[in-house]
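Taken together, the values in this text are just the output of simple stated rules run on the coordinates, not laboratory data. Just so it is clear, the structure is predicted and the values come from calculations on it, not from any experiment. Heads up, the Cβs are rebuilt from the backbone with ideal geometry, glycines too, and the neighbour counts pull from every protein chain shown.
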Amino acid sequence: MDLAQLRQSETDHIERKRSPQDSEGILHAVCALANDLGGSGMPGRLVVTVAPYAVPPVVMVDGVGWVRQGSSTRRATQADLQRLSERRPEHSQPFDLRPVATATLEDLDRHLLKARYDADRIGDEDEESFPSLEQWLTQRQWGRPVAGTWHPNPAALLLYGLGE
């Protein structure tokens, strides 16, 4: 990066701080640059070069994720955290959490799952706020959608598989 690029105004990849004493702001900015919400893969610049973290989980400071949007650093929303976690390469996930490409929801005991799902719904005052069965299963890390089709993982197959 040349001097002219560094002199340009703040962007998703360039952050300026008035004082090196702003340690909390610097930590948040470095965290946000490493999270690379836009997914460009370009390094961020502060006083140092901050390369995007290659293999998420999300980079956090004191348990809080930070992201850059335009020229500002902000606390990551749940949607941002979901977006960042979805980038995690399959091969770096624990084996029991990886979706099984050849399995679908039809390979699970739907009656047993439905009973558990319905039990979790008891006491939920707002019917519309409760997740769908597939969302509920995903929240429990028993699989997730891949290319529009929900696939269970080995843990779900061990617990609820039809076992033919």
At GLU10 and LEU133, where each label point lies 7 Å from the Cα along Cα→Cβ, what is the point-to-point distance in nanometres? 4.8
Okay, helix-only estimate at 222 nm for the chain: each DSSP H run of n ≥ 4 adds -39500 (n - 2.57), divide by all residues, round to 500 deg cm²/dmol; what do you get? -9000 deg cm²/dmol
